[in-house]
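Participant: What follows is a structure written as structure tokens; I'll ask about it next.
The values are calculated or read from the model by the stated rules, or taken from the named source; none is laboratory data. Small disclaimer: the values here were computed from a predicted structure and weren't measured. Positions of Cβ are backbone-derived with ideal geometry, glycine not excepted, and every protein chain shown enters the neighbour counts. The area values use the complete protein model at the heavy-atom level, side chains included, leaving out ligands, DNA and RNA. Shrake-Rupley method; radii C 1.70, N 1.55, O 1.52, S 1.80 Å.
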Amino acid sequence: MLRFDSLDSQGQLDTGDQPAGMAPPRTQSLVERPAWKALEQHYREIQPLHLRQLFADDPKRGERFTAEAAGIYLDYSKNRVTRETLELLVRLAEECGLCGRIDAMFRGEQINFTEKRPALHIALRAPKGERIVVEGIDVVPQVHAVLDHMAAFADQIRSGVWRGHTGKRIRVIINIGIGGSDLGPVMAFEALRAYSLRSMDFRFVSNVDGTDFNEATRDVDPEETLFIICSKTFTTTETLANACAAREWMLRKLDDTKAVRKHFVAVSTNAEEVSNFGIDTANMFEFWDWVGGRYSMDSAVGLSTMIAIGPENFQSMLAGFYEMDQHFRTAPFQENVPVIMALLAIWYNNFFNAHTIAVLPYEQYLKRFPAYLQQLTMESNGKHVTMDGIPVDYQTSPIVWGEPGTNGQHSFYQLIHQGTRLIPCDFIGFCQTSQPLGNHHDLLMANLFAQTEALAFGKTEEEVRSEGVPDWLCPHRAFEGNRPTNTLLAERLTPYTLGALVALYEHSVFTQGTIWNIDSFDQWGVELGKALSRQIIAELENTDGQLNHDSSTNALIRRYRGCRL
Ligand code: F6P
């Protein structure tokens with residue numbers, strides 16, 4: 001297998017109490033690397049080139065600029081790149097030590113440098129018998145023990161063996177969690193709804209806004225409801241507030257604290273806090289601090305998913321993840337789907353100065369996929385300093401956004417086609433639908449193909465004029481084109497495909513972070529707001545207390561105090 005082994009030889013960190021195995025502090029800034037400099041020069045040559053020209057020059061471009069893994073076909077031909085661009089981007093990845101970083105991740109080294117942990121989500125889908133050792137312990141048997149625990153529980157719920165406190169069958173599952181303990185489960189449930197047990201109802205509460213909880217519970221019977229309290233830390237304010245509200249809501253009807261045992265389970269790394277809350281730790285589904293929240297949907301955090309789709313389908317989802325993991329680990333960079341997508345993201349973000357990426361699934365079941373990717377991408381790569389704590393002198397994560405097609409076409413696509421900003425897009429589509437209806441699926445996919453064609457090639461003023469459009473209107477009706485897109489095409493949205501798709505984006509995010517030399521697995525940027533909110537909660541409760549914020553915050557708090565119910 002061809003690998004690019006001309007690695008950065010800086011190896012491992014050996015200073016102070018910094019963990020072994022992390023990416024080394026780079027002596028050379030990214031922007032000083034030879035490949036970066038070459039890309040800057042190359043950008044000046046490529047920038048004026050139009051996709052029309054690139055396609056005209058190479059009639060087979062649409063077949064050549066493609067790659068495939070785990071049932072996902074990537075067409076990246078409609079990007080503003082040549083073979084040389086790809087070669088230079090691959091060289092950049094090599095100079096940044098991507099090969100070594102991938103190996104470090106798979107070996108369980110502490111690549112989450114600032115939190116001194118491995119980032120080992122790949123262990124969550126490792127098949128039985130594979131060995132991944134963390135601090136001398138093979139974690140794969142632990143992963144499978146939890147999967148077995150989840151499967152036994154899911155089967156009990158699905159078959160009605162597990163009953164509520166009053167003997168009624170559980171019909172409603174409410175997952176309470178936020179961030180990675182919510183977005184993954186919601187996205188996966190929505191994506192795989194067609195595979196779900198339709199006799200059950202799955203709901204998700206995340207926001208610390210009474211509306212979220214009240215609306216989720218207003219029409220359900222506590223006797224038939226099971227809450228999954230999902231929190232890695234079990235200290236997250238929003239989740240604990242909602243979990244307490246759930247317990248009160250349940251006890252108002254059932255009036256017996258023993259009911260908690262039958263109606264609450266937990267997913268967490270924190271057995272002590274789970275037990276303090278009153279949940280029997282026998283009903284706790286464990287995961288580990290080496291699983292980041294936004295990388296956890298295939299861990300016990302996916303308990304609601306497993307109950308919905310059943311253990312076999314969950315296994316099939318894990319198989320999709322695994323297949324993509326193996327591809328990422330072993331495929332040459334030029335054929336490596338996550339690496340190619342990451343390099344293209346870097347190309348537009350850092351050379352074309354594009355600020356955002358739109359993710360556009362032509363599959364209604366993927367309606368929450370853009371929201372899921374927002375946390376995965378922006379919490380991972382929205383960083384301002386390098387691994388060695390030096391401010392970056394280049395842009396890091398793009399803003400990710402999107403909506404399912406075709407809805408977006410009647411909303412924001414105008415800007416993508418004719419606006420002044422460059423917005424690279426990922427289009428995601430499937431050859432088969434699980435919800436056939438007349439010729440809907442052909443219509444849907446025709447729109448996907450049409451959009452990528454229109455974005456790439458546009459329509460010149462000449463072409464518009466030749467259709468009889470008056471001169472004054474031609475500039476308004478013309479399309480510049482040259483808007484880059486990726487198309488991801490798979491046979492059908494199955495649990496397996498979903499696993500492969502999520503792993504593809506996980507690895508793309510990691511690859512981008514490696515090139516930017518940032519820690520893609522910490523999230524210190526969420527802490528300041530959390531700490532301030534704790535202080536302000538106290539100030540809202542004690543209305544006489546002095547306020548020592550800035551004049552704006554003080555005035556807003558006073559106004560709120562005077563106005564609230
Ligand atoms: O505040 C951000 C964050 O830590 C996310 O990274 C995480 O997914 C979310 O909060 C929820 O955390 P927990 O699962 O510990 O409740």
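Participant: For the chain, what are the DSSP H helices with axial Cα length of 24 Å or more and mean Kyte-Doolittle hydropathy of at least -1.0?
Facilitator: Going by DSSP H runs, the hits are 140-159, 237-254, 311-330, 440-457, 495-516.
Participant: Just for the chain, what percent of DSSP beta bridges are antiparallel, to the closest 5?
Facilitator: Bridges in the chain are about 30 percent antiparallel.
Participant: Only loop residues by DSSP count here, and only those with at most 16 other Cβ atoms within 10 Å; note down the trypsin sites (Lys or Arg not before Pro) in segment 503-565 that meet that.
Facilitator: Sites meeting the loop and neighbour criteria: R564.
Participant: A further question on this structure: If you take the square roots of the eigenvalues of the alpha-carbon gyration tensor of segment 275-317 and sort them as a ≥ b ≥ c, do you get rounded (a/c under 1.5), prolate (a/b over b/c) or oblate?
Facilitator: Numbers: a/c = 2.81, a/b = 1.39, b/c = 2.01.
It comes out oblate by the Cα gyration axes.
Participant: Pull up all non-local amide H partners of R169: gap of 5 or more, or a different chain, and H-to-H distance under 5 Å with H placed in the peptide plane.
Facilitator: Under 5 Å from the amide H of R169 lie the amide H atoms of G164, each far enough along the sequence or on another chain.
Participant: What whole-number volume per residue, in cubic angstrom, does the convex hull of the C-alpha atoms of segment 203-362 give?
Facilitator: Values: hull volume 27.9 nm³, N = 160.
Per-residue hull volume (Cα only) is 175 Å³.
Participant: Find the accessible area per residue for segment 91-178; the probe is 1.4 Å, ligands and nucleic acids are left out, and the unit is Å².
Facilitator: That works out to 38 Å² per residue.
Participant: Separate question: Taking only protein heavy atoms into account and a 1.4 Å probe, give the accessible area per residue of segment 409-565 in Å².
Facilitator: On a per-residue basis, segment 409-565 sits at 53 Å².
Participant: What is the spin-label model distance, in nm, from Q156 to N214 if the labels are put 7 Å beyond Cα along the C-beta direction?
Facilitator: 3.5 nm
Participant: Amide H neighbours of V359 under 5 Å, counting only residues 5+ apart in sequence or on other chains, H built in-plane at 1.01 Å?
Facilitator: For V359, whose amide H was placed from the backbone, the distant partners under 5 Å are W401, G402, E403, D426.
Participant: List the equivalent ellipsoid semi-axes of the chain in whole Å, largest first, each obtained as the square root of 5λ for an eigenvalue λ of the Cα gyration tensor. Don't skip to the end; give the middle numbers.
Facilitator: Values: eigenvalues 332, 166, 140 Å².
Whole-Å semi-axes of the equivalent ellipsoid: 41, 29, 26.
Participant: Let me ask another. Calculate the FRET efficiency for L415 and K116 from the Cβ-Cβ distance with a Förster distance of 45 Å, rounded to the nearest 0.05.
Facilitator: Numbers: r = 43 Å, r/R0 = 0.95.
My answer for the efficiency is 0.55.
Participant: Tell me, what % of the accessible area of the chain is carbon and sulfur with a 1.4 angstrom probe? Don't jump to the answer; show the numbers that get you there.
Facilitator: Details: 12200 of 24340 Å².
The C+S portion of the solvent-accessible surface of the chain is 50 percent.
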